[in-house]
Amino acid sequence: MVVYSSIELTCTDGIAILTFNRPKALNALNTSLLEELSHALNALKADESIRVLILTGAGDKAFIAGADISEINTLSPLGAKQFAQAGQEVISKLQELAIPVIAAVNGYALGGGCEMALACDFIYASEKAVFGLPEINLGVIPGFGGTQRLPRLIGANRAKEMIFTGKHLTAAEAREIGLVNKIFSPEELVVAATETAKLIATKGKASLCAAKQTINQGLNTDLQTGLAIERDAFALMLASPDAKEGTGAFLEKRKAVFTGGLND
Ligand code: DAK
């Protein structure tokens with residue numbers, strides 16, 4: 001069991017909860033946190049038993065209040081490039097994780113924190129959540145994928161308004177524009193995310209991962225290519241042990257029990 005200092009990782013019944021754990025700095029992203037996150041994502045990728053990941057923040061104020069300003073303030077141009085590369089790599093690694101990932105945003109999700117949530121498959125928020133890309137106030141622009149993932153999710157016009165103004169959005173405003181799926185009280189947030197994760201974890205791991213990959217690949221291509229990707233993935237899934245179990249269980253009028261892994 002690896003002991004981390006800037007994150008916490010717990011795994012129960014196939015559900016991993018990764019908590020950003022620098023509450024005194026509102027869980028701001030520094031190099032050490034990014035390195036630990038990268039390590040944890042590698043470990044989760046290698047663990048066949050993990051079916052869903054939830055990300056959340058320690059304390060009651062923040063998911064992640066952005067990149068650690070005290071660290072980026074000291075960076076040389078080369079250091080900034082290395083920091084950007086580390087951040088982009090780890091956030092891409094998160095987005096490319098085969099299993100579903102839910103962001104449970106419990107407070108400030110600003111800058112790199114908002115971008116971290118955007119790399120998850122969907123976002124649940126507490127009533128206290130605040131979203132924003134305030135980089136423009138620092139004289140820079142989003143550097144961890146915000147200029148690319150936000151417009152894909154909420155549309156270019158709304159993304160431009162958020163990025164040009166740097167304004168904060170409440171949880172309700174974020175839900176209205178499709179950034180957030182659902183809102184809960186702070187106490188219920190992780191419980192609700194875990195309930196959804198448990199439901200997802202009852203599905204076949206291979207078909208979950210194929211659905212995620214197909215949606216993500218399709219978003220970056222034209223409809224015809226996307227449909228071709230879907231056809232191939234569908235055919236592959238139909239040949240899987242989980243498809244035999246799922247269709248067999250329906251015909252036998254019983255509940256399906258999916259035990260297949262990604263290598264079956
Ligand atoms: N970094 C470091 N420390 C932070 C922080 C941050 N982002 N945000 C908050 N803190 C610290 C505060 O300094 C304070 O520490 P102490 O003074 O207690 O030691 C503590 O957390 C509590 O914060 P406040 O006292 O400010 O709390 P308030 O409730 O008054 O305000 C706030 C909360 C979230 C509105 C405020 O803290 C705030 O505006 N924080 C900064 C938000 C922000 O601008 N975040 C950065 C966005 S820019 C790059 C790629 C990507 C990025 C950078 C580079 N490369 C291409 C190189 C990403 C950039 C960003 O994320």
Considering only the stretch 109-119, I want to know if a residue exists there that is under 25 Å from Glu187 (Cα atoms), surrounded by fewer than 24 Cβ atoms within 10 Å (Cβ to Cβ) and touching a residue at least 24 places away in the same chain (Cβ under 8 Å).
yes
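Results for (1) among the hydrophobic types (A, V, I, L, M, F, W, C); (2) buried (at least 17 other Cβ atoms within 10 Å of the Cβ), shown as yes or no for each residue.
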residue	(1), (2)
Lys24	no, no
Asn27	no, yes
His39	no, no
Ala43	yes, no
Ala65	yes, yes
Ile91	yes, yes
The one condition Arg152 fails out of (1) more than 10 Å from the ligand (Cβ to nearest atom); (2) more than 20 Å from Glu36 (Cα to Cα); (3) touching a strand residue (DSSP E or B) at 6+ places or on another chain (Cβ under 8 Å) is (3)
Reported set for the stretch 154-171 where residues are free of Cβ contacts under 8 Å to residues at least 24 places away in the same chain and either in contact with a helix residue (DSSP H, G or I) (Cβ under 9 Å, 6 or more places away or on another chain) or outside any loop (DSSP other than H, G, I, E, B) (or both) is Ala156, Asn157, Arg158, Ala159, Lys160, Glu161
Gly66 passes all but one of the listed conditions (1) in contact with a strand residue (DSSP E or B) (Cβ under 8 Å, 6 or more places away or on another chain); (2) on the phi < 0 side of the Ramachandran plot; the exception is number (2)
Within the stretch 129-149, of all residues that are within 9 Å of the ligand (Cβ to nearest atom) and more than 19 Å from the chain's Cα centre (by Cα), the one nearest to Lys182 (Cα to Cα) is Pro134
On the given criteria, is Leu179 more than 16 Å from the ligand (Cβ to nearest atom) and assigned to a helix (DSSP H, G or I)?
-> no
Considering only strands (runs of 3 or more DSSP E) wholly within the stretch 63-128, the ones with at least 1 residues that are aliphatic (A, V, I, L, M) and near the ligand (Cβ under 9 Å from one of its atoms) are 108-110
Listed by first then second residue, the pairs whose first member lies in the stretch 172-197 and is more than 12 Å from Phe122 (Cβ to Cβ) and β-branched (Val, Ile, Thr), whose partner is at pLDDT 95 or above and in a helix (DSSP H, G or I), with beta carbons under 6 Å and at least 6 positions apart or on separate chains, are Ile177/Ile154; Ile177/Arg158; Ile183/Ala171; Ile183/Arg175
Scanning the stretch 47-61 residue by residue, those of a type outside the set (D, E, K, R) and modelled with pLDDT under 95 turn out to be Ser49
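The values are calculated or read from the model by the stated rules, or taken from the named source; none is laboratory data. Note that this is a predicted model, so its numbers are computed, not measured. Counting neighbours? That spans all protein chains shown, and the Cβs are built from the backbone with ideal geometry, glycine included.
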